[in-house]
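Report on the structure given below.
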Amino acid sequence: MIIVGLSIMLGCTNSRPSPITEQEVNKFIADHDIREVAVEIMGEIAVVLFNEDKFTGYYMLYKDKDGNLQDQIVFGEAGENAPIVVMGSATRFPFVTVILNDEQILKSASSVAITFDDQTVVRKELSKNGAIIPYGNEVKGNMFYSNVAIYDAADNVIYSYPQ
């Protein structure tokens, strides 16, 4: 069983605020006492993947037109019965987040690869028990993923969804 979540990012504005800095992200994490798994800054947004005892998810940080830091949170149950939890955003700066819950998979896992609908494959090393995998380009419209593959250090696929 797998838990899948999807978030649609806020629409674009005509004026672009200043980019989010690493210092602003670190302050947000400290101020909210977040147990982060991974952080990724993509264009005008930052994503903070977290894994708490009962919930897992991510914060999407961005600046409003006045330059004030704003956040959206997407979360779900930690998914004790699901080997992995997959969430993400399909619009503007598409990304997929992956949290590994299965101890057997986690013991061997080294990296995760996402195949997006246009067949672009993006692979990322795991950070703790998860990863944020950005599509890599800003898009107009939507960009979904079609496959998640978990690799071990020897480059063998140890888990794939869908199988």
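The values are calculated or read from the model by the stated rules, or taken from the named source; none is laboratory data. Because the structure is predicted, anything quoted here is derived from the model rather than measured. So basically every Cβ, Gly included, is an ideal-geometry build from the backbone, and we count neighbours across all protein chains shown. Accessible surface is based on the protein model in full, side chains and every heavy atom, while ligands, DNA and RNA are left aside. Shrake-Rupley method; radii C 1.70, N 1.55, O 1.52, S 1.80 Å.
State whether one or more residues within the stretch 75-82 are within 21 Å of Tyr135 (Cα to Cα), surrounded by fewer than 18 Cβ atoms within 10 Å (Cβ to Cβ) and among the acidic types (Asp, Glu).
No: zero hits.
Of the residues making up the stretch 124-144, those that are within 16 Å of Met42 (Cβ to Cβ), at pLDDT 95 or above and open to solvent by 50 Å² or more (accessible area, probe 1.4 Å) number 1. Looking for something at pLDDT 90 or above, within 12 Å of the chain's Cα centre (by Cα) and not basic (Lys, Arg) - is there at least one such residue anywhere in the stretch 24-36? Yes, some residue in the stretch 24-36 is at pLDDT 90 or above, within 12 Å of the chain's Cα centre (by Cα) and not basic (Lys, Arg). Of the set (1) part of a loop (DSSP other than H, G, I, E, B); (2) farther than 24 Å from Ala149 by Cβ, all apply to Gln70 but (1). Scanning the stretch 103-123 for residues that are touching a residue at least 40 places away in the same chain (Cβ under 8 Å) and not in a strand (DSSP E or B) yields Ile105, Ser108.
Note on the stretch 89-121: among residues that are among the polar types (S, T, N, Q) and within 29 Å of Tyr62 (Cβ to Cβ), the one that is surrounded by the fewest Cβ atoms within 10 Å (Cβ to Cβ) is Gln119. For the subset of the stretch 38-56 comprising residues that are in contact (Cβ under 8 Å) with a residue 40 or more places away in the chain and more than 24 Å from Asn137 (Cβ to Cβ), which member is least open to solvent (accessible area, probe 1.4 Å)? Across the stretch 38-56, the extreme among qualifying residues is Thr56.
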